[in-house]
Every structure is written in C-alpha cells, then in structure tokens.
1. Restricting attention to segment 133-175, which residues are closer than 14 Å to Asp197 by Cβ and hydrophobic (A, V, I, L, M, F, W, C)?
2. How many residues does segment 188-224 hold that are farther than 14 Å from Met88 by Cβ and either in a loop (DSSP other than H, G, I, E, B) or among the β-branched types (Val, Ile, Thr) (or both)?
3. Confirm whether Leu75 is under 20 Å from Ala202 (Cα atoms) and not β-branched (Val, Ile, Thr).
4. Taking Leu217 and the conditions (1) in contact (Cβ under 8 Å) with a residue 60 or more places away in the chain; (2) more than 25 Å from Ala110 (Cβ to Cβ), which numbered condition does it fall short on, given that it satisfies the others?
5. Could you check, for segment 163-178, whether at least one of its residues is among the aliphatic types (A, V, I, L, M) and modelled with pLDDT under 95?
6. Kindly evaluate Leu48 against the criterion of being within 30 Å of Val25 (Cα to Cα), touching a Phe, Trp or Tyr at 6+ places or on another chain (Cβ under 9 Å) and without any contact (Cβ under 8 Å) to a residue 24 or more places away in the chain.
7. If you go through segment 10-22 one residue at a time, do you hit one that is at pLDDT 65 or above, over 17 Å from the mean Cα position of the chain (by Cα), under 23 Å from Asp114 (Cβ atoms) and not acidic (Asp, Glu)?
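The values are calculated or read from the model by the stated rules, or taken from the named source; none is laboratory data. Please read all numbers here as calculations on a predicted model, not as lab measurements. Cβ sites come from the backbone with ideal geometry, for glycine too, and all protein chains shown count toward neighbours.
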Amino acid sequence: MEKRSPGPSLRLYRASHQLKEDWHVFHVRYRETDLWIRARQSLEDQALDAVLKYRRQIEDTISGSPEFLHSLTPLGDQPLAPAIVRRMLRAARAAGVGPMAAVAGAIAQAVAEDLRAHTPALIIENGGDCFLDIQETVTVGVYPGAASPFRNRLALIFAAHRFPLAICTSSGTIGHSLSFGKADAVTVVARDGALADAAATAVGNLVKTRKDVAPALDAARSIDGIEGALVVMGDKLGVWGDLELASPEV
C-alpha cells in the first residue's frame with residue numbers, strides 16, 4: 001500500500017542517530033510501513049496497534065474506492081471517511097497530487113498523535129517522512145544520495161518552539177517513491193504530515209534539471225500551509241521559507 005519502501009541501505013541514517021540516555025528507540029514494521037520511533041519509553045505494542053488501525057482505515061477506503069490508491073490527481077472529499085483519509089484527501093488537493101502521495105506523512109503523524117498520551121516527547125520517521133513532537137532543538141540531516149556533493153554536509157536546525165512539526169523528503173533518484181522528477185532531495189516542512197508529504201512529492205515532480213530548482217521553490221511557496229522547502233538537484237541547492245541550514249553533527 002505504501003508509496004515507498006526503501007531498502008536497508010537507505011536506513012543508515014537511523015544508525016547514525018545520537019541517542020540520549022533518557023530516550024528509547026524502537027521499530028514497528030507492518031507490510032510496507034516501517035516506523036523508526038524515539039520516545040521516552042518503549043511503546044512498541046501501542047505503536048503497532050496504531051499502525052494497524054490506520055492502515056485498516058486506509059485499506060478499507062481503497063477497497064471501496066480503488067481510485068484512492070491509483071489516482072495521481074486530487075480526488076473529491078469523502079465526508080464520512082476516517083479522519084486520516086480526509087486528511088490525505090485535503091493534502092492531495094492542496095498540493096495537486098493523488099492522495100497516496102500523502103500516506104507516509106499521514107501515518108507518521110497519526111501514530112504520533114496516538115502515542116502522545118503515553119510519552120511527553122517523540123519522533124517518528126516513516127520512509128524519510130518525519131513527525132516530531134518534542135521540546136528541544138533538533139538537527140535533522142538531509143540525505144541527497146551517495147554521489148551528491150552535499151552528502152553528509154546538509155542539515156536543518158529546528159528550535160524547540162517549532163514543534164510539533166512534519167519534515168518530509170521526496171527524491172527522484174533514491175528509493176522507490178513514485179516521482180516524475182529527478183531531484184536528489186526535496187524536503188518540505190509543515191504542521192500537517194500529510195500536507196508536507198504530498199507537497200514534497202508535488203515539488204519534486206517539477207524538478208527535471210538544475211534550472212527547475214527556483215520554479216519548484218516558487219511552487220512550494222504557493223501551497224498554503226507550507227512553512228519551508230529545500231530542493232537539491234546535482235550541485236545546486238535552493239531553500240525557501242522558515243528554514244535554518246547547518247552542517248549535520250554526524
């Protein structure tokens with residue numbers, strides 16, 4: 001069901017995470033969904049229950065409306081659908097893509113919202129799409145590929161007051177995500193995980209050459225609810241919005 005399922009080599013950034021003693025890190029996997037979670041306590045059972053619940057809601061929607069899975073363009077609203085489905089539909093319309101372009105970000109946020117009752121802070125990453133609800137300054141690395149001149153040199157810093165926040169990345173050169181572009185990395189920041197995910201896909205679709213970086217950022221600026229975007233294409237980097245660049249610590 002998921003639009004992405006990158007191989008283990010693309011999960012190396014998880015091993016580089018700097019873990020503090022008062023945090024627990026665990027994984028939850030079900031079919032294509034592969035969550036890396038950092039929380040104040042181990043919550044594998046609760047996280048798996050949340051994953052199963054939201055996947056079932058999405059899969060039931062697909063069973064009744066197969067176009068929800070296959071459409072590459074926005075669909076109309078479904079007022080009686082579960083909240084996660086309606087969130088994906090809204091995000092898709094805002095970004096101009098199909099609803100499944102929002103699935104990883106939507107699941108990351110929905111699971112985070114369920115777990116928030118059990119932990120005062122957490123980070124959930126789902127195939128490069130992250131939802132963070134924490135009370136500390138965080139540096140998030142952006143991985144544009146092994147051949148990129150920005151490899152291991154690119155990160156974004158977010159102050160504690162920015163959270164909760166979604167940070168989602170799409171690529172036309174890494175992983176199995178469906179993209180019609182060739183960007184090495186497009187990272188979008190928004191309060192809504194579904195919107196950040198869908199917008200990252202939409203902006204990435206526009207980047208075919210280095211000349212497309214600036215127009216792609218203009219497109220990101222036009223999507224209501226987006227707080228910032230970063231685009232990497234070859235040796236060209238473009239940034240728009242409320243983003244602070246820094247070299248990663250790892």
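1. Going residue by residue through segment 133-175, those that are closer than 14 Å to Asp197 by Cβ are 165-171, 175.
Matches in segment 133-175: Leu165, Ala166, Ile167, Cys168.
2. 12
3. Judged against the criteria, Leu75 is a match.
4. Answer for Leu217: the failing condition is (1).
5. Step one: of segment 163-178, the residues among the aliphatic types (A, V, I, L, M) are 165-167, 174, 178.
Cutting the leftovers down to modelled with pLDDT under 95 gives us 174, 178.
Yes, there is a match, as at least one residue in segment 163-178 is among the aliphatic types (A, V, I, L, M) and modelled with pLDDT under 95.
6. On the way: within 30 Å of Val25 (Cα to Cα): yes; touching a Phe, Trp or Tyr at 6+ places or on another chain (Cβ under 9 Å): yes; without any contact (Cβ under 8 Å) to a residue 24 or more places away in the chain: yes.
Yes, satisfied.
7. As a first pass, look at segment 10-22 and keep what is at pLDDT 65 or above: 22.
Remaining after also requiring over 17 Å from the mean Cα position of the chain (by Cα): 22.
Subsequent filtering for residues that are under 23 Å from Asp114 (Cβ atoms) retains 22.
Within this subset, residues satisfying the condition of being not acidic (Asp, Glu) are none.
Checked segment 10-22: no residue is at pLDDT 65 or above, over 17 Å from the mean Cα position of the chain (by Cα), under 23 Å from Asp114 (Cβ atoms) and not acidic (Asp, Glu).
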